[in-house]
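Trainee: I'd like to ask you about the structure that follows.
The values are calculated or read from the model by the stated rules, or taken from the named source; none is laboratory data. Being a predicted model, the structure only gives us computed values, none of them experimental. Cβ atoms come from the backbone with ideal geometry, glycine included; neighbour counts cover every protein chain shown. The area values use the complete protein model at the heavy-atom level, side chains included, leaving out ligands, DNA and RNA. Shrake-Rupley method; radii C 1.70, N 1.55, O 1.52, S 1.80 Å.
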Amino acid sequence: MQEPNIDPKLLKPYDPKETEDRIYKIWEESGFFNPDVCIEKGVTDKDATTFSMVLPPPNVTGTLHLGHAATLTIEDIMTRFARMQGKRTLWLPGTDHAAIATQSKVEKILEKEEGKRKTDLGREEFLKRVNKFAQESHDTIINQSKKMGASLDWSREAFTLDEKRNLAVRTAFKKMYGDGLIYRGHRIVNWDPKGQTVISDDEIVYEERKAKFYTFKYSKDFPISISTTRPETKVGDTAVAVNPKDERYTQYIGKTFTIEDFCGVKLEIKVVADDAVEKEFGTGALGVTPAHSQIDAEIAMRHNLPTKQVINEFAKMTVGDERILNKKTTEARLVIAEWLKSEGLLEKEEEVTQNISTAERTGGIIEPLPKLQWFINVNKPIADRNNKTLKELMLEAVRGGEINIIPDRFEKVYYNWIENLRDWCISRQIWYGHRIPVWYKSEEIYCGVEAPKEDGWIQDEDTLDTWFSSGLWTFSTLGWPDLNATDFKTYHPTNMLETGYDILFFWIARMILMSTYLIGEVPFKTVYLHGIVRDSQGRKMSKSLGNAMDPLDLTQKYGADAVRMSLIIGTGPGNDSKMSEDKIRAYKNYANKLWNITRFVLSSTENIKLDSSFNDYSDKDKELIKERHDLIVEITKEMDEYKFYIVGEKIYHYTWSRFADVILEESKEIFKNGTNEEKESRAQFLLDTLTKILKILHPFMPFVTEEIWSIMPIDNKKLLMVERWPETERS
RNA sequence: GCGCGCUUAGCUCAGUUGGUAGAGCAACUCAUUUACACUGAGAAGGUCGGGGGUUCAAGUCCCUCAGCGCGCACCA
């Protein structure tokens, strides 16, 4: 066939590498990622309904993985769809300083490359290193996000640790402190000996391990046997608790026994009755270690028992003689077990599996320790929130329907978490992060947005849990605490929050907490949760397994459009998905198919332009239009319901199996032997249908569609990214 | 212990309010320069995890069992 008047580009296979960076640049230069520019340039009405969403800020700990790529794709689809519907659309980017994660990463590098520890550098110098690392990670992340085609408004980019966000953090802290929601308290906390910091309950990861479960008596004269997996903590025991209904032990309740020598330590053990003790568990008697167990501390509080700390911040013993003093807890455990055996006190030694608490970021084994820390009280009634507690505010936002979670089964998970929620420990003994806005001067404490003016005040050394600043993200990025900021007034509450279900508690719950409390409105109306991207065998991708697929490599090899499609199709909300190169290859082929469809349509309709007022369709084409119209109605409905995985499949199927394999094939016959009317009708139909396919496909495969759009014979074209979604009312 | 999810073709997954099973990939047969080999046509492949129930009708609803996975709690 002759190929007159057709872009020579089409004569070669589609080349994403040549196309994608060029197209992204055109988009960026158009300014259309920014809704203000869209209004200025007249592609969006000033009073159009808004669609706003924040990007879950990636941690500045390195590079993006496929999970980020999935997030970017799903959200870009939402954003481009909204923009093409004419909405005032804002998708706001940013990055997260990720306090502990970033700091420990830099510590590792420092150790490996220079053999130094952070204390060798000092706070200021170490922070310089962290900032440098964070900046480099940031640049990589931004670059990768652009490669994925993300239509983010870079003019509004934010960082959880920049000046504006710091003001928001200090303002929020001050208000919570003023309302008595933030308090400083001496409590049993989760101490991470490896990271040398406290962490919150949610930062604990449980790992199943085998352990020895020892049953023994403190001494030959002691009447009650107890059981434990941690004999070394028993040197800190101050009581034995039994169930009040347990007849075996009633005679001892209230008595105090002195054990002169428990592996070199003198113990005073009082027998108390407490409902928390289960009769059936172990011997039915519990050795109470108030300093090193949350439950025991609670029992101790109820019975006014003394607390005796026997383990320090390095998980080493602080009492006893040379046998255990300064030994690690794991070593002391064996020493005491041996001692019990040799004294004839050990009655039983069993192998059990137990859940061991480890720190999410460092992997360190958590040591419960009593410490003075900052907490958020989740059970205190708040006067200007109708005396509701933070827990109640969080619960009601979802239960009352103001926030809708997709898939809805996660609402149950959310309620369950809130029911078990305890006060949130927000102080961290790390250097990288928002410094706590509290100052001390002898006995005085000052909390304020700014430092006190007089001399002699010393600021709290600790920083805040990274999730404190993330919790403010939907509004700290929009100008809050300035309540008159245009962005804040225009875009808050945001419409959508899309993220992985694994940070439902960490992030989503904390945003709801902060927003309902600080501004009295929900942070977002809909939460869409996606799953984890796994490898083709269903394993979590990780660097150590070596199965991590680098999104950048994949986009280089197959094109971003193909990677995007393969991340969407075959994945429903809330379900994990599996990734394989086969799948991506299939969608690379699809991009090329679309390219060739265009080549055929343009070369067989040469010199004809799309005529939007054309109406003389043949009967056959009218049928095809009806079919197409039904499909678009269906697809639009599914887009509104966030069923992108279904839409992607449907449009793929329609273009390939229906449009290319059937309609184009029969068009060959029409163009060869049909009447002029038939030819004209079919030419318009093909151009019109290709136009609509490009529009529907654009949110999914933005690069190839924008590129094809640029050579379509259509008058008064704008960029495809700001064209209107195909109308659904006309047939 | 409480709760959730999954189990459908060799693999990865769809299957919306119940109407006798679908897609991609892989494998098989054919076509051999066609808009496109990054292709087309065709055929094959499933007692929808097991059992029971409701119904005219169940992959879909209910009960139950099993395997896998996950969350929370416990973890003396």
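Trainee: Just want the answer: with Cβ charges of +1 for Lys and Arg and -1 for Asp and Glu, which residue in A:L167, A:Y252, A:A451 is farthest toward the dipole's positive end in chain A?
Mentor: Projecting each Cα onto the dipole axis, the largest value belongs to A:Y252.
Trainee: Compute the length gained on full extension between A:E338 and A:Y440: take 0.36 nm times their separation in residues and subtract their Cα-Cα distance, giving the result in nm to one decimal.
Mentor: Stretched fully, the A:E338-A:Y440 segment lengthens by 32.0 nm.
Trainee: For A:H530, what residues show an amide H to amide H distance below 5 Å, using hydrogens built from the backbone and excluding near sequence neighbours?
Mentor: A:T499, A:G500, A:Y501, A:G574
Trainee: Calculate, in nm to one decimal, what A:S580 and A:D120 gain on full extension: separation in residues at 0.36 nm each, minus their alpha carbon distance.
Mentor: 161.1 nm
Trainee: Select from region A:224-294 those GluC sites (Glu not before Pro) which occupy a DSSP coil region and have at most 15 other Cβ atoms within 10 Å, ordered by residue number.
Mentor: A:E247, A:E278, A:E280
Trainee: Quick one: helix A:163-178 against the long Cα principal axis of chain A, what's the angle to the nearest 10°, folded into 0 to 90?
Mentor: Computed tilt is about 40 degrees.
Trainee: Using label points projected 7 Å from each Cα along Cα→Cβ, tell me how many nm separate A:E450 and A:D661, to one decimal.
Mentor: Here the modelled spin labels are 7.1 nm apart.
Trainee: What angle, in degrees between 0 and 90 and rounded to the nearest 10, separates the Cα long axis of helix A:294-303 from the longest principal axis of the Cα atoms of chain A?
Mentor: 40
Trainee: I've got another one for you. Report the FRET efficiency, 1/(1 + (r/R0)^6), for A:T318 and A:N416, where r is their Cβ-Cβ distance and R0 is 35 Å, rounded to 0.05.
Mentor: Computed FRET efficiency for A:T318 and A:N416: 0.40.
Trainee: Which loop trypsin sites (Lys or Arg not before Pro) in region A:1-84, with loop taken from DSSP, have no more than 15 other Cβ atoms within 10 angstrom of their Cβ?
Mentor: A:K41, A:K46
Trainee: Under 15 Å Cα-Cα from A:K164, which aspartates and glutamates qualify once same-chain neighbours fewer than 8 residues away are excluded?
Mentor: A:D96, A:E450, A:D482, A:D487
Trainee: For chain A, what is the accessible area per residue in Å² when the probe is 1.4 Å?
Mentor: Counting only protein heavy atoms, the per-residue value for chain A is 44 Å².
Trainee: OK, next. Taking the Cα centre of each part, how many Å lie between region A:326-348 and region A:189-224?
Mentor: 15
Trainee: Okay, moving on. Quick query: amide H of A:L90 versus all other amide H atoms, modeled in the peptide plane; which residues come in under 5 Å with a sequence gap of 5 or more or a different chain?
Mentor: A:F51, A:S52, A:M53
Trainee: Angle between the Cα long axis of helix A:66-84 and the longest principal axis of chain A, 0 to 90 degrees, nearest 10?
Mentor: Computed tilt is about 50 degrees.
Trainee: Normalising by the residue count of region A:199-336, find the relative contact order in percent from Cα pairs under 8 Å and 6+ residues apart.
Mentor: Worked out over region A:199-336, it gives 23 percent.
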